[in-house]
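Contents: one structure, followed by commentary.
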Number of protein chains: 2
Amino acid sequence: MLDYLKKSCAELEEEYSKILSEYNALKMQGMKLNIARGKPSKKQLDAVSDILDVMHTDDDFDIDGIDVRNYGELAGLACAREYWADILDCKPEQTFVGGTSSLNLMFDVISRAYTHGLLNSERPWCKEEVIKFLCPSPGYDRHFRVTEFFGAELITVPMTATGPDMDLVEELVKDPCVKGMWSIPKYSNPEGIIYSDETIRRIAALKPAAPDFTVLWDNAYCVHEFDGDYVPFPDIISLCEEYGNKDMVIEFASTSKITFPGGGISVLASSVENIAYFSKLFAVQMISYDKVNQIRHVRYLKNKAHTIELMKRHAVLLKPKFQTVLRILDEKVKPHGFAQWNSPKGGYFVSLNTMNGTAKRALQLCSEAGLVMTPAGATFPYGIDPNDSNIRIAPSLPPVEELEAAMELFCTCLNLAALEKLLNK
Amino acid sequence: MLDYLKKSCAELEEEYSKILSEYNALKMQGMKLNIARGKPSKKQLDAVSDILDVMHTDDDFDIDGIDVRNYGELAGLACAREYWADILDCKPEQTFVGGTSSLNLMFDVISRAYTHGLLNSERPWCKEEVIKFLCPSPGYDRHFRVTEFFGAELITVPMTATGPDMDLVEELVKDPCVKGMWSIPKYSNPEGIIYSDETIRRIAALKPAAPDFTVLWDNAYCVHEFDGDYVPFPDIISLCEEYGNKDMVIEFASTSKITFPGGGISVLASSVENIAYFSKLFAVQMISYDKVNQIRHVRYLKNKAHTIELMKRHAVLLKPKFQTVLRILDEKVKPHGFAQWNSPKGGYFVSLNTMNGTAKRALQLCSEAGLVMTPAGATFPYGIDPNDSNIRIAPSLPPVEELEAAMELFCTCLNLAALEKLLNK
C-alpha cells in the first residue's frame, strides 16, 4: 500500500488507474443508499417499539388527578419533568418538557430572542445592529442554520480534542455582539468528542460582554454510549449557577434516538427564572404539549438507570456499524496517509478529515455511484468548509452488509479524489 | 318573574334581596369548578381512547416504504395529507400535516410573517411601520393574543348572525396596513355561528390593498356538530382561487376535539405555493412531525365519513350539556329580559350577552363562589369588551349534574350583577 504523500508521480499514476477501475467497477453495481443523516436503523426502532404497548386502561390516563389526554400542564407532567431531571442531573423545576423535537425548542428560543428578547436582553435581537453566534466546527448543520435563518453572523470556533477552543471563545465573548454559542457537549456531532471537565468549567465561568449571552447546550447524546459503560457528565446548569451565570445556559435533549426520531419527547432545561420566562412566551403558541406521549415515555423509560439499560439495545446494533466503518477506513485509506478520523464511543457519527480540497469531489464521486452522504461543508457555518476536508459519516441506518459496500465505495472515492488532486487531474 | 328593565325600584330592591340570599346560599355550598376553557370531558376522552390500540405489529410502521417511526416527510405522510384533504374538501398537495397543535401552526405562520414575511410580502412584517389585524368579535382570545404578541394593532369587527360584518371588512382591507383577519367559519368560537355562503364568497373575493393580506381560516369545528346531521361546508381554498386570491387563505384544523386535546394531529391547508413556502421555512425548525401519531390517527379515523360517525360519540355526550345550559338560562335569566344568547348546533360554546357593564361583575361573583369561567372581555381584542357584556360559556368539561349546579350559580350571578347595576349598588 502507498502513502500517497510520499510517492512519485509515476507510482501515483499507476495507483490512479487501479483505483479508477475499482471505482468504475463499484459504480456498475448500482448502489442506491442515502446515509446523509443520523437516522436509527429499522432494527433499532423494532427494539423499542414495545413502547406502544404501555398505554391501555383508563387508569393509565389519570396522573395525580391530571387527565393526560386533556389540555393543561404546559411545562409538562410532573413525572416527565422528574424523568428529565434525572437524566440531566438537574432539578425538575429547571425543566420544561416539549413536543417531539428539541430542535424546535432551540428554534423557538432563538426565534423569541429575535422577536422579544431573552430574559436578560436589553432589547429583542432584531433591534440590534449585529448579532454574532459562535459555532464550534465541525458541528451540526441544523444548529448553524437556525441562527443563520435569523441573520446572525456565524463565527467558526475550531473544535479540539477537548471541545471548542476555549482561549478563542473567552476572547470572542468580550464582543457584546456575540450573543451565544452552540454546543453538543457529549459525543459531539460529528466529532464524537466529550467536552473535558476543564472546557465545561471554562464555559460555565465565561464572562461575556452581552448580558443575554446564551450557551445552547444540546445534550443530544447524553445517554448514547454504544461502546462501554455510561460516562457520567456534569450538570451544566448548577455549574453556571456556581459561577454567577445562572441564566446563561439552556440545555436541550430528546428521546429521538432513545425511542422514535420525531416521535419522542424533548426537554429544555435551565434556571427556574428562564423556565418561567419561556413558559410565559410559549403559552402564546401552545396550550400544552403531548402528555399522552409524555406518560407513554415515562412509563416505558422509567428513569435514568432504566434508560441506560435500554440504550444497550441500541448499542448492540450500533457498535458493529462503527467497527465496520473504522475497519474499512483502516484497511483502505489509512495506509495512504492523507486522512484522519475519530473513533467515538457514543453518538451517531464518525468525523473524517480527508486531503484538503477533496471532500466535495469525493462525495460527488460517491453520489455518482449511488451513495448519498452528508454534503461536504455541512459541518461548517454557511455550509462552507474552508479546507474542503471534513466529512461526516453516519453509519447507523443501513444493515452492516450494506454499510460495508458503502464504505468500500466511500474509501475508493476518497482515494480517487486524493489522487486526482495530487495529479492535478 | 320580573322583567328587570320594566320594574320599579322597589320591586327591584325586593328582587335584589331575594337573589342576594340565593347567591349567599349557593356560595355556602363551596363549589370548586373551572370551566374557563373548551375542554372535552373525561367521558368524551374515554369514548375515543381505543385509538391507542391501533398500532401494534411491525407491519403498522411501514407505510409505502416509509418507516413512520423514523425521521422524514416534513409535510406529513401521504395518507395523513389525504385524510385532511378529505375532511377539508381540498387536495392532499394543499395540506401540510403538523404536530399536536393547530394553534402552534398559526403562531408559526404569524411569527414567520414577522421575521421573514409571507409568500407575497414585500418585506417582513417587523419592517413595516404598522401592522393591523382584523378580529371578528366576540372571537377566540388565543387568536387575538398571537397577533398582539407580535405588536399588531387589533381591529374589532363585529360578528353578525352570518359571520363578520363584511361591509366593514371590505372597507378595512383597503388599508395596506391591514395584513390579515382571524376567522372561525364553522361554529365560531364563541358564538357558534356558521358563516353564510354569501359571507364566505365575499371573503374569498376580497380585494385587499396589502399583497400579503391573509385570512387565517381556523376550521377548528369542521366536523363538530353535536345536534343534527353534518353540515356541508364550502372549500375556502378553491373559492379563493376562483376569485384570483389563491394564496390569500390559510386554513387550519386539528383532531384536538376529535381524539385528544394536545395529543392529536393538526393541519395547515393552502395553495400549493404556500405549502411549498411554509415547508421550506418550517424545515429550519423541524425534521419531521410525529408520524407515529399521524398513522395512529389515520388508522383510527379512516376518512371523513368515518370521522363524522365517530363524532356522534362526542355529540351524545355534548348535546345534553348544551341543553342544560339553555334550559337553565331560559328558566332563570330569560324572563328578566336583560340578556341574550345563542343556541348553537355545534362547536364548544354558548355566547351570552348580559346587561352592559355587568359581565365582569357577574364573573367575579361566580369566582367568589368557586366557579371559574372564561374571563369577561376574553372574547375581544386586548381582553377588553367595550360593553362589558359578552360571556363565553364552556359547558363541555363537567358532568351534567355539576354543570347544572354551575349554571344555577352563574344565572344567579348574572341576575345579581344586573340588579346591582340597575340599583347602583
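Read-outs throughout are calculated quantities, based only on the coordinates presented, and are distinct from any laboratory measurement. Computed from a prediction, not measured in an experiment: that's the story for all the values here. Neighbour counts run over all protein chains shown; Cβ positions are idealised from the backbone, glycine included.
For the protein assembly as shown, the antiparallel share of DSSP beta bridges with both residues in that region comes to about 45%. Taking a ≥ b ≥ c as the square roots of the Cα gyration tensor eigenvalues, the protein assembly as shown comes out prolate, since a/c reaches at least 1.5 and a/b is larger than b/c.
Take every Cα pair under 8 Å in chain B that's 6+ residues apart, average their separations, divide by the length, and report that relative contact order as a whole percent.
Answer for chain B is 25 percent.
Taking Lys and Arg as +1 and Asp and Glu as -1, the other residues whose beta-carbon sits under 13 Å from that of A:HIS336 total +1. For the stretch B:131-211, a simple Cβ point-charge model (Lys and Arg +1, Asp and Glu -1, everything else neutral) yields a dipole of about 280 debye relative to the Cα centre. Distances between copies at B:VAL316, taken between label points 7 Å from Cα along the C-beta direction, are 4.7 nm in increasing order.
Kindly point out which whole DSSP H helices in chain B project their C-alpha atoms 27 angstrom or further along the helix axis while averaging a Kyte-Doolittle hydropathy of -0.5 or above. What comes out of the filter, once short or polar helices are dropped, is B:9-28, B:304-332, B:400-422. Inter-chain neighbour count for B:39-51: the average number of beta-carbon atoms from partner chains within 10 Å of each residue's beta-carbon is 3. Each copy carries a label point for A:ASP62 at 7 Å from Cα along the beta-carbon vector; from one copy to the others these points are 4.2 nm apart, nearest first.
Every helix of 4 or more DSSP H residues in the protein assembly as shown counts as -39500 (n - 2.57), and over all residues that averages to -12500 deg cm²/dmol at 222 nm. Among B:SER279, B:SER17, the ranking by other beta carbons within 10 Å of each residue's beta carbon, starting with the fewest, stands as B:SER17, B:SER279.
Other protein chain C-beta atoms within 10 Å of residue C-beta, averaged over B:125-133: 1. Each part gets one Cα centre, and for the stretch B:103-182 versus the stretch A:228-265 those centres are 38 Å apart. Taking GluC sites (Glu not before Pro) across the stretch B:123-189, the ones in a DSSP loop with at most 14 further Cβ atoms lying within 10 angstrom of their Cβ are B:GLU129.
Ranked from shortest, the separations from the 7 Å Cα-to-Cβ label point of A:LYS425 to its equivalents in the other copies are 9.6 nm. By other beta-carbon atoms within 10 Å, ranking B:VAL157, B:VAL146, A:VAL272 with the fewest at the front produces A:VAL272, B:VAL157, B:VAL146.
Pairs from the list B:LYS321/B:LYS421; B:LYS246/B:LYS302; A:LYS186/A:LYS257; B:LYS179/B:LYS257; B:LYS42/B:LYS319; B:LYS32/B:LYS334 with a Cα-Cα gap above 22 Å: B:LYS321/B:LYS421; B:LYS246/B:LYS302; B:LYS179/B:LYS257; B:LYS32/B:LYS334. Which of rounded, prolate or oblate describes the stretch B:76-188 when judged by the alpha-carbon gyration tensor and an a/c cut-off of 1.5? Note, shape of the stretch B:76-188 comes out oblate. A dipole drawn for the stretch B:1-43 from +1 and -1 charges on Cβ atoms has a positive end, and of B:SER17, B:ALA36, B:LEU5 the residue lying farthest that way is B:ALA36. When the trypsin sites (Lys or Arg not before Pro) in the stretch B:1-45 are filtered for DSSP coil states and for at most 10 other beta-carbon atoms within 10 Å of their beta-carbon, the remaining sites are B:LYS32.
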